[in-house]
Structure formats: structure tokens, C-alpha cells
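Undergrad: Take this structure first; my questions come after.
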Amino acid sequence: MALPAGISKVNQFLSSSRAALGSAKNVQCVMGNEAADLDSMASSVMYAYFNAQNAGTAGDTVFVPVINVPREDFKLRTEAVYLFKEAGIDIGLLLFMDEVDLGALKAKGRLMLTLVDHNKLASFQEQLAGCVVEIIDHHKDEGLFTGASTRIIEPVGSAATLVAEALLAKGNQRLEQGSATLLLGTILLDTVNLDPEAKRATPKDQQVVEQLLKSTGADRKGLFDMLQKEKFNVSALDTSDLLRKDYKEWKVGKIQVGISSVLLPIADWLVKDTKLSSSLDKYAKARKLDVLIAMNAYTEPQFTRELVVFCPDASLRGKLLSFLSGSDLGLAPMAASTVDKATALFAQANQSYSRKKLQPLIDGFFGNLG
Ligand SMILES: [Mn+2]
């Protein structure tokens, strides 16, 4: 398949900025937020490209997008995997957080930071605060970095809208097809295809989308539907990826608990992974978990919830399972010959139990164990 028009320029930019990391006097990193969702990733790539175009070949600063998660995590964002591919961007050329030492660049006085899709650094990155020179964001203004040379913070539906606006304002009435596709798909996903009922889209999002549509020739609904579908398409992920895609872990008393939201029916999971119990065991051991819970949720066609409880300690497992079975979760055991005793599978009738609601229930139980 031929690449979208113009995207080779973006790939060349990514390649040369990576290559110049070691030698450039100043490194201006364009960094999205720590959740590294599609908006953060697309906005950082396109805004770094915009900065580099503006700066031209003169100057001793290299502009580089930095994806704020390890490379290993990119595949978990299945909608991003789809859209970057559709736009023609070579993922191998992107720079991920485990591939650059921002602290070392800062120590050498070479680091400048542009924050996109956030305007407050994550707590583990607060030591970089002195390096922030630009902000492009759509979250609530935290009132920080007021001396930044660019400080665009507007409550639009997507940071990509503000990045697209900057690119379009630079005399480009049209963007190259690949770049426009990346920005357009991101805005559509963030605004639920500009749906007024979702209350995400602003007039500016609408206006930018209209302009981007001219550059891509895309079918708006078709692109949105594909992205929405790919967001829930976990077929490329194995059990460990499925578990860590949307995962929280905490300690109650002496008990280490992990809960994952898994977007797959248990029946499909058992087919996909015929050694599910040993995969759960491996995941739990690596994180020193006493209990690992998977909350399976899917719409096929009705919204359905199921629960997997993995607990190798027989005594703890007995207490936990009788507590959960007696709760208002509405659990009905499911049988599967391929899982061992440590793994309990349930259909869950009470659909109101999201992780937010299950967590305090579990906390209460383990808290009372003493
Ligand atoms: Mn965003």
C-alpha cells in the first residue's frame, strides 16, 4: 500500500531528530501526558514537526517528540497502533520514554520541554519543571509555567485541535494527507465524532475537523467507526498485555491486590490462552500479588460483565470467594476444564460494579481480615 502523501517528510523529520539527539546543543522535547493516549502521542509528534518546520535548518536546537511511556506499552493503545499505521508513520522512528534520559539532558543544560495535552508535570517528572518552555493543552489551566514562551490552554475537545490550528495557521490552508489523517482521527475519537450529545466538541473542533477533512478526503464516520472498533480490538494482545492494558494495584493490610479491566469474554480468553491459569500465575508472581482479579467487560451485543479471581493461597481464596459470592455482585460460577483451582471464573449479573465500585468492596473485606 502506498503511504499517504507527505508522510515521508514526517518520517524523515523523526529520523533526523533522533539522529541529532546526541550532538545538538539544545534538545527541545515535545512530551504528552503520562497516560500516553492517542491525543498525547499524535499531538506530540505533530507539534514537534511543526516546531521543526518553523525553526528551519538554522539554529542549534533539535525538536523531538517523546512518547511518555516505554516502547513496550505502545501496542496496548490499539487505536493508536491503527491510526499511526493508517497515517503512514514509522513507529520504529518514534522516541519512547525508555529510550531517552531526560534527567541527563537536563543535568547537561541541554533540555527544553514543550508540554502537550497536559499543563502540569506528573509527580515523577516534577524535577523537570525548570525546563518547561511551551504548553499546548486542553485541560484545566493549573496556572503553572506562566513565563512559557507559548502558553496555549483552551478547553477544546482534543489537544490535537490546537496543534492542527497551529499548523493550519502557518499558511498551510491544507495539511499533507498523512499528518491531517493523524490529527483528524485523534480529534474524532476525542469528540465522539463531534457528537453534540457527548458534549466534548467545541466550535473550534468542528472548524478544524472541516479543514482537515479537505486534506484527507476521509469519510468522517468511516474513520471514526474504525477507530472506535480498533480501540476495543485486543486480538493482537496476549494475556500479559490484556492484563496490563488497564491495570491498578494496591496494598490492603498485608494483601497485595491487582485488578485489570479486560475487554474480552472469558470464553474467548480461554480459547486464546489455553494455559490461562499459568499466565495469571506468572503475572501475579512478577508483581508479588496475593490476589489478581480480572474484570471482563464486553458488548456482544448486550453489555456483559464477568469476573476472574486468581488466588493461589487456598485459605485466603476460600474466604475471598465466599465473601464475593455472598455480596451483591450477583456471581454465578462458570466451569472450565483448562483452569486450575487457583482460578475462579464467574458470570456477574450486577453490571453496576465497575472497578471504582469493586475496589472499596475488596478493601473492606481485606481490611477486616486484620
Ligand atoms: Mn487530550
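Nothing in this text is a laboratory measurement; each read-out follows from the coordinates by a stated rule. All figures in this text were calculated on a predicted structure; none of them were measured in a lab. Quick reminder, even Gly has a Cβ in these numbers, built from the backbone with ideal geometry, and neighbours come from all protein chains shown.
Undergrad: What distance in nm separates the two pseudo spin-label positions at Asp195 and Asp98, each 7 Å out from Cα along the beta-carbon direction?
TA: Reported label-point gap for Asp195 and Asp98 is 3.5 nm.
Undergrad: Just to be sure I understand: with springs between alpha-carbon atoms less than 10 Å apart, which residue in Leu243, Leu212, Leu321 has the highest mean-square fluctuation in the Gaussian network model of the chain?
TA: It is Leu321.
Undergrad: Further, regarding this structure: Would you mind counting up the charge near Gly130? Only other residues with Cβ under 15 Å from its Cβ, with Lys and Arg at +1 and Asp and Glu at -1. Working shown, then result.
TA: On the way: positive: Lys106, Lys108, Arg110, Lys120; negative: Glu126, Glu134.
Around Gly130, the surrounding residues sum to +2.
Undergrad: Could I ask something else about it? Going Cα to Cα from Lys214, which lysines come in below 26 Å? Please leave out same-chain ones fewer than 8 positions away.
TA: Partners within reach: Lys9, Lys85, Lys170, Lys199, Lys204, Lys229, Lys231.
Undergrad: Right, something else. Along Cα→Cβ, 7 Å out, is where each label goes; now give me the distance between the ones at Asp219 and Lys357 in nm to one decimal.
TA: 3.8 nm
Undergrad: Could you give the distance between the Cα centres of the range 237-278 and the range 24-87, to the whole Å?
TA: Centre-to-centre distance over Cα atoms comes out at 30 Å.
Undergrad: Now for a different question. For the range 296-318, list residues with backbone N below 16 Å from a point placed 7 Å from the Cα of Lys248 toward its Cβ?
TA: Inside the label zone: 296-297.
Undergrad: What share of the DSSP beta bridges in the chain is antiparallel, in percent to the nearest 5? Write out the running numbers ahead of the final one.
TA: Details: 24 of 51 bridges.
In the chain, approximately 45 percent of DSSP beta bridges are antiparallel ones.
Undergrad: Next up: Helix by helix, which DSSP H runs in the chain go 24 Å or more along their axis at the Cα atoms and have an average Kyte-Doolittle hydropathy of 0.0 or more?
TA: On the way: long enough: 38-55 (25 Å, 0.16).
Helix filter hits for the chain: 38-55.
Undergrad: Please check: in the Gaussian network model of the chain (C-alpha springs, under 10 Å), which one of Val62, Val30, Val339 has the largest mean-square fluctuation.
TA: Val339
Undergrad: Dipole of the chain, Cα-centred, from +1 at each Lys and Arg C-beta and -1 at each Asp and Glu C-beta, to the nearest 20 debye? Mind dumping the intermediate values first?
TA: Working: 41 positive and 43 negative charges, 121 e Å.
Result for the chain is approximately 580 debye, rounded to the nearest 20.
Undergrad: Give the cross-link partners of Lys285 among the lysines, using a straight C-alpha distance below 18 Å as the criterion and excluding same-chain residues fewer than 8 apart.
TA: Reachable lysines: Lys245, Lys248, Lys251, Lys254, Lys275, Lys341.
Undergrad: Cα to Cα, under 15 Å, and not fewer than 8 places away if on the same chain: which aspartates and glutamates meet these conditions relative to Lys140?
TA: Asp117, Glu154
Undergrad: Okay, moving on. Using a Gaussian network for the chain with springs between C-alpha atoms less than 10 Å apart, which of these wobbles most: Asp246, Asp190, Asp313?
TA: Of Asp246, Asp190, Asp313, the most mobile in the Gaussian network model is Asp313.
Undergrad: Tell me the net charge near Thr61. Cut-off is 11 Å between Cβ atoms, Thr61 excluded, with +1 for each Lys or Arg and -1 for each Asp or Glu. Display every interim value, and only then the final one.
TA: Working: positive: Lys25, Arg110; negative: Asp60.
Local charge sum for Thr61: +1.
Undergrad: Can I ask one more? Suppose R0 equals 56 Å; then what is the FRET efficiency for Lys140 and Ser337 from their Cβ-Cβ distance, rounded to the nearest 0.05? Intermediate results must be reported in sequence, preceding the final value.
TA: Details: r = 52 Å, r/R0 = 0.92.
So, using R0 = 56 Å, E works out to roughly 0.60.
Undergrad: Can I ask one more? Order of His118, His138 from fewest to most other C-beta atoms within 10 Å?
TA: Numbers: His118 22, His138 26.
With the fewest neighbours first, His118, His138 line up as His118, His138.
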